[in-house]
Amino acid sequence: MNSGLRLLGLAAASIVLCVSARASAYCLTRTCDPNSGSCQFEGNCIVSGKPLYWPNSCVSFDVQKDGSAKLQISADTLDTVVTAAFARWLNADCGNGTHPGLSQIKDFGQIDCAKPEYNKSQPNANVITFHDSTWTYTNTPDTVALTTVFFDGDTGEIYDANVEINSADNDLSADPTGAEMDLNAVITHELGHFLGLSHTAVSTATMYMSYNPDMTTLDPDDEQGICASLPPGRSTASSDCTPRHGFSGECATPDSGCCATAAGSNTSGNALGTIAFALGVCAWRGRARLRRAARSRRS
């Protein structure tokens, strides 16, 4: 694996193929790039490389100010959904009355920028946004949402995380009964990626790889995973909630050291790579696009 900064794209929504679930433990996201061919696996989990982690005891997020006009979901509604989903993860039971070692999630407010990026020298934001008009990731046709995490390839320290929701192709609602897919369930899965988890093969888990409306309820496998990713009582360098290099709600310019993503692609160079995992749904409608697992689950 190349040293330095690596970029990992995770998506809670498009794994394209259904997998038969078998009993397996949670999976942490690690620095080893599965496209390299050198990663070690135990079951479906990569076990080589460093696990990804947030260095501080506080993490921030921002919702994009436009919301989804197509789905009639406002930025305020998205903010409410995201806040509740983070609370589910932070309230996970780690045993003996303890919870994951992240003391606070800070909402930095609504922002202009609507693309996933990490600015290596200027301020940043951890954005959560809809894409109403087009979904540009052509190699992930069944994607419901995509989470992109930027991290240090040597240590696993997470620098930045962003969630994109494919509202161009999918019918979602914050009302669990109001659309084909429950936005609360999708966001809860995506924030598992945001916090350092990968997909599990446990079919009842929120971090399973195909959509299920029950993803809003964490499975014991999910709780074990988040407690391993963010151990209770862990020591951190800081309680500062500010994104790396400061906060900005504007998209960076290409000449300012900004790294944007292309889901499912690898970027040549000494320090930067991309890997994409997608939250998808198994066949129900036949072909591509959002595939709805016959009342199964998402990815």
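Applying the criterion of being assigned to a loop (DSSP other than H, G, I, E, B), over 28 Å from residue 46 (Cα atoms) and among the hydroxyl-bearing types (Ser, Thr, Tyr) to the residues of the stretch 166-205, the residue that is modelled with the highest pLDDT is 167.
Would you be able to say whether some residue in the stretch 113-130 is among the small types (Gly, Ala, Ser), open to solvent by less than 40 Å² (accessible area, probe 1.4 Å) and modelled with pLDDT under 95? Before you say what the answer is, go through the steps one by one.
Here is the first cut: in the stretch 113-130, the ones among the small types (Gly, Ala, Ser) are 114, 121, 125.
Filter once more, keeping what is open to solvent by less than 40 Å² (accessible area, probe 1.4 Å): 114, 125.
Right, trim to modelled with pLDDT under 95 and you get 114.
So far as the stretch 113-130 goes, yes, one or more of its residues are among the small types (Gly, Ala, Ser), open to solvent by less than 40 Å² (accessible area, probe 1.4 Å) and modelled with pLDDT under 95.
When residue 97 is tested against (1) open to solvent by less than 20 Å² (accessible area, probe 1.4 Å); (2) without any contact (Cβ under 8 Å) to a residue 60 or more places away in the chain, exactly one condition is not met: (1).
Could you check how many residues of the stretch 202-226 are among the small types (Gly, Ala, Ser) and open to solvent by 10 Å² or more (accessible area, probe 1.4 Å)? Outline the logic, then answer.
Of the residues in the stretch 202-226, the ones among the small types (Gly, Ala, Ser) are 203, 205, 210, 225.
Those left that are additionally open to solvent by 10 Å² or more (accessible area, probe 1.4 Å): 203.
Residues flagged as among the small types (Gly, Ala, Ser) and open to solvent by 10 Å² or more (accessible area, probe 1.4 Å) within the stretch 202-226 amount to 1.
Within the stretch 227-253, the set of residues being exposed (fewer than 15 other Cβ atoms within 10 Å of the Cβ) and on the phi > 0 side of the Ramachandran plot comprises 233, 246. Considered as a group, the residues in the stretch 82-94 that are touching a residue at least 40 places away in the same chain (Cβ under 8 Å) and open to solvent by 10 Å² or more (accessible area, probe 1.4 Å) include one that is farthest from residue 226 (Cα to Cα), and that residue is 84.
Just the residues that are of a type in the set (Val, Ile, Thr) and closer than 17 Å to residue 222 by Cα, please, taken from the stretch 86-120. The answer is 98, and nothing else. Of all the residues in the stretch 156-173, those that are more than 17 Å from the chain's Cα centre (by Cα) and either among the acidic types (Asp, Glu) or within 20 Å of residue 126 (Cα to Cα) (or both) number 2. Determine whether residue 243 is farther than 30 Å from residue 37 by Cβ, modelled with pLDDT of 95 or more, in contact with a Gly (Cβ under 8 Å, 6 or more places away or on another chain) and assigned to a loop (DSSP other than H, G, I, E, B). Criteria not met by residue 243.
For the stretch 140-190, the tally of residues that are of a type in the set (Gly, Ala, Ser) and surrounded by 24 or more Cβ atoms within 10 Å (Cβ to Cβ) stands at 3.
For residue 163, indicate whether it is among the β-branched types (Val, Ile, Thr), touching a Ser or Thr at 6+ places or on another chain (Cβ under 8 Å), in a loop (DSSP other than H, G, I, E, B) and farther than 17 Å from residue 100 by Cβ. Please lay out each step first, then the result.
Values: among the β-branched types (Val, Ile, Thr): yes; touching a Ser or Thr at 6+ places or on another chain (Cβ under 8 Å): yes; in a loop (DSSP other than H, G, I, E, B): no; farther than 17 Å from residue 100 by Cβ: yes.
When the stated conditions are applied, residue 163 does not pass them.
Of the strands (runs of 3 or more DSSP E) lying entirely inside the stretch 46-147, those carrying at least 1 residues that are among the β-branched types (Val, Ile, Thr) and under 18 Å from the mean Cα position of the chain (by Cα) are 58-64, 104-111, 127-130. For the stretch 72-81, the set of residues classified as open to solvent by less than 20 Å² (accessible area, probe 1.4 Å) and in contact with a Leu (Cβ under 9 Å, 6 or more places away or on another chain) consists of 73, 78, 81, listed by residue number.
Results for (1) in contact (Cβ under 8 Å) with a residue 60 or more places away in the chain; (2) within 30 Å of residue 179 (Cα to Cα); (3) not small (Gly, Ala, Ser), shown as yes or no for each residue.
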position: 42; (1), (2), (3): no, no, yes
position: 61; (1), (2), (3): yes, yes, yes
position: 103; (1), (2), (3): yes, no, no
position: 120; (1), (2), (3): yes, no, yes
position: 130; (1), (2), (3): yes, yes, yes
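Checked against (1) open to solvent by 10 Å² or more (accessible area, probe 1.4 Å); (2) touching a Ser or Thr at 6+ places or on another chain (Cβ under 6 Å); (3) of a type outside the set (Val, Ile, Thr), residue 69 passes all but a single condition, namely (2).
Within the stretch 215-233, can one find any residue that is over 24 Å from residue 51 (Cβ atoms) and in contact with a strand residue (DSSP E or B) (Cβ under 8 Å, 6 or more places away or on another chain)? Lay out the reasoning, then the answer.
Of all residues in the stretch 215-233, those over 24 Å from residue 51 (Cβ atoms) come to 216-217.
Among the residues that remain, those that are also in contact with a strand residue (DSSP E or B) (Cβ under 8 Å, 6 or more places away or on another chain) are: 216.
Scanning the stretch 215-233 turns up at least one residue that is over 24 Å from residue 51 (Cβ atoms) and in contact with a strand residue (DSSP E or B) (Cβ under 8 Å, 6 or more places away or on another chain).
Restricting attention to the stretch 4-45, report how many residues are open to solvent by 20 Å² or more (accessible area, probe 1.4 Å), of a type in the set (Ser, Thr, Tyr), assigned to a loop (DSSP other than H, G, I, E, B) and modelled with pLDDT of 50 or more. The qualifying residues number 2.
The values are calculated or read from the model by the stated rules, or taken from the named source; none is laboratory data. The structure presented is a predicted model; accordingly, all values stated were derived computationally and were not measured. As a convention, Cβ positions derive from the backbone with ideal geometry for all residues, glycine included, and neighbour counts pool all protein chains shown. Accessible surface areas use protein heavy atoms only, side chains included; no ligands, DNA or RNA. Shrake-Rupley method; radii C 1.70, N 1.55, O 1.52, S 1.80 Å.
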